[in-house]
Structure formats: structure tokens, C-alpha cells
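Read the structure below first, then the notes.
Just so it is clear, none of the values below were taken in a lab; they were calculated from the coordinates. Since we're looking at a predicted model, the values are computed, not measured. No Cβ is skipped: glycine too gets one built from the backbone with ideal geometry, and neighbour counts run over all protein chains shown.
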């Protein structure tokens with residue numbers, strides 16, 4: 001992934017969950033921001049049926065620093081979380 005900067009909009013976030021989630025009824029990404037707040041992004045299932053996709057919007061990446069991401073999926077008969085991934089957001093020049 002190329003560098004991501006604070007305030008970027010339209011950045012595609014993809015989390016590979018390692019199993020077919022095409023029948024998922026709920027697909028979320030839990031996000032822990034650098035200030036330790038946790039938000040939920042509503043994701044979609046990717047074309048490969050094994051990834052959660054989310055495109056960032058205004059206000060999603062406002063802080064520079066480390067972001068932690070965790071998939072949350074509900075399937076018929078199962079619901080749970082995936083591994084934790086992380087990335088860093090760089091500051092812009094001011």
C-alpha cells in the first residue's frame with residue numbers, strides 16, 4: 001500500500017479474512033484510532049468473497065498515527081472477529 005495521509009478520502013481499505021464470507025449478514029471493520037477511540041466502518045464483501053472492503057470518507061482518517069483494524073462478520077450460524085491489522089497515517093504539511 002502506498003503512503004496514506006491525514007485527511008485522505010477515497011482510500012480503499014481491504015482486510016482478507018481467509019474464508020468465504022459471501023453469505024455474511026453483517027460486515028464491519030472495528031477501527032482503533034491513534035487517540036484510542038474505536039469506531040465501526042460498514043464494509044462490503046469483495047469480489048473474491050474473502051475480503052472486507054471499505055472506502056474512506058471525510059472524517060475517517062483525521063489523525064496521524066497508528067490505526068488498528070479488526071474484521072467483524074456475522075454468518076449464518078457463526079459470528080466473530082478476525083486478526084488485528086494496522087497501518088500508519090502520515091501528517092500533511094501545514
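Is segment 43-94 best put as rounded, prolate or oblate by its Cα gyration tensor, with a ≥ b ≥ c the root eigenvalues, rounded for a/c under 1.5, and otherwise prolate when a/b is larger than b/c, oblate when not? Mind showing how you got there, number by number?
Details: a/c = 3.01, a/b = 2.18, b/c = 1.38.
Prolate, since a/c reaches 1.5 and a/b exceeds b/c.
Provide the FRET efficiency to the nearest 0.05 for the residue 37-residue 75 pair, computing r from the beta carbons and using R0 = 25 Å. Working shown, then result.
Numbers: r = 28 Å, r/R0 = 1.11.
Once rounded, the FRET efficiency stands at 0.35.
Taking 7 Å along the Cα-to-C-beta vector as the label spot, tell me the residue 93-residue 14 distance in nanometres, rounded to one decimal.
Computed distance between label sites residue 93 and residue 14 equals 3.1 nm.
Under the definition of Cα pairs under 8 Å and six or more residues apart, what whole-number percent is the relative contact order of segment 1-53? Numbers along the way, then the final one.
On the way: 64 pairs, mean separation 20.9, N = 53.
39 percent.
Just one of (i) 174; (ii) 93; (iii) 101 is volume of the Cα convex hull per residue in Å³ as worked out from the coordinates here. Which one is it?
(ii)
Under a crude label model (7 Å from the Cα following the beta-carbon direction), how far is residue 2 from residue 44 in nanometres?
Reported label-point gap for residue 2 and residue 44 is 2.2 nm.
Take every Cα pair under 8 Å in the chain that's 6+ residues apart, average their separations, divide by the length, and report that relative contact order as a whole percent. Intermediate values should be presented prior to the final figure.
Values: 210 pairs, mean separation 34.0, N = 94.
Taking the mean separation of contacting Cα pairs over the length of the chain, I get 36 percent.
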